[in-house]
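Asks: Please read through the structure below; I'll follow up with questions.
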Amino acid sequence: MTHALTVHTRTTPAGPVIELAGDLDHHTATDVRALLSDLALTEGQQLVIDLAQLAFCDSSGITVLIAARNRALTADAAVVLAAVPDRVSRVFRVVGLEHVFPAYPTAQAAEAAWTPPAC
């Protein structure tokens, strides 16, 4: 069984978007955590984590998502999830993450919902 994970990042006016494809598990979580720690995130931005292509997420993956939330909160930024697949959203509901992360049907919807901070 392979544990491949592909990560793409891009920057929008709202902030960074991280696209995860494959398995976010104990084999791949360390790489994502390292990427998040190096991510440039500033006050008022929104970090979008696009899960449209995520096949699997275990407790290590959930821990990484919580770390991303904590990283965003430390930077006075927001974090949202986009395109959470049904198979993953069931797990998120069981552990209560639907109350922790705002979720949008697509990354574009999340970006459109972002409100720039008042000057």
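Asks: If only one of THR6, THR11 is in contact (Cβ under 8 Å) with a residue 40 or more places away in the chain, in a strand (DSSP E or B) and touching a strand residue (DSSP E or B) at 6+ places or on another chain (Cβ under 9 Å), which one is it?
Replies: Answer to the check: THR6.
Asks: Which one of these is farther than 16 Å from ASP25 by Cα, surrounded by fewer than 14 Cβ atoms within 10 Å (Cβ to Cβ) and at pLDDT 95 or above: THR74, THR106?
Replies: THR106
Asks: Could you check the stretch 22-47 and list, in sequence order, the residues that are over 22 Å from ALA78 (Cα atoms) and assigned to a strand (DSSP E or B)?
Replies: Correct list: GLY22, ASP23.
Asks: Filtering the stretch 92-119 down to residues that are among the aliphatic types (A, V, I, L, M) and within 15 Å of the chain's Cα centre (by Cα), which residue is farthest from PRO16 (Cα to Cα)?
Replies: For the stretch 92-119, the residue satisfying everything is LEU97.
Asks: Anything in the stretch 52-82 that is under 17 Å from THR12 (Cα atoms), outside any helix (DSSP H, G or I) and within 12 Å of the chain's Cα centre (by Cα)? List them, or say none.
Replies: Within the stretch 52-82, ALA78, VAL79, VAL80, LEU81, ALA82 qualify.
Asks: In this structure, does HIS8 turn out to be surrounded by fewer than 16 Cβ atoms within 10 Å (Cβ to Cβ), in contact with a helix residue (DSSP H, G or I) (Cβ under 7 Å, 6 or more places away or on another chain) and farther than 29 Å from ALA118 by Cβ?
Replies: For HIS8, the condition - surrounded by fewer than 16 Cβ atoms within 10 Å (Cβ to Cβ), in contact with a helix residue (DSSP H, G or I) (Cβ under 7 Å, 6 or more places away or on another chain) and farther than 29 Å from ALA118 by Cβ - is not met.
The values are calculated or read from the model by the stated rules, or taken from the named source; none is laboratory data. Bear in mind the structure is a predicted one, so any value in this text is a computation, not a measurement. Methodologically, a virtual Cβ is constructed for each residue, glycine included, from the backbone with ideal geometry; neighbour enumeration extends over all protein chains shown.
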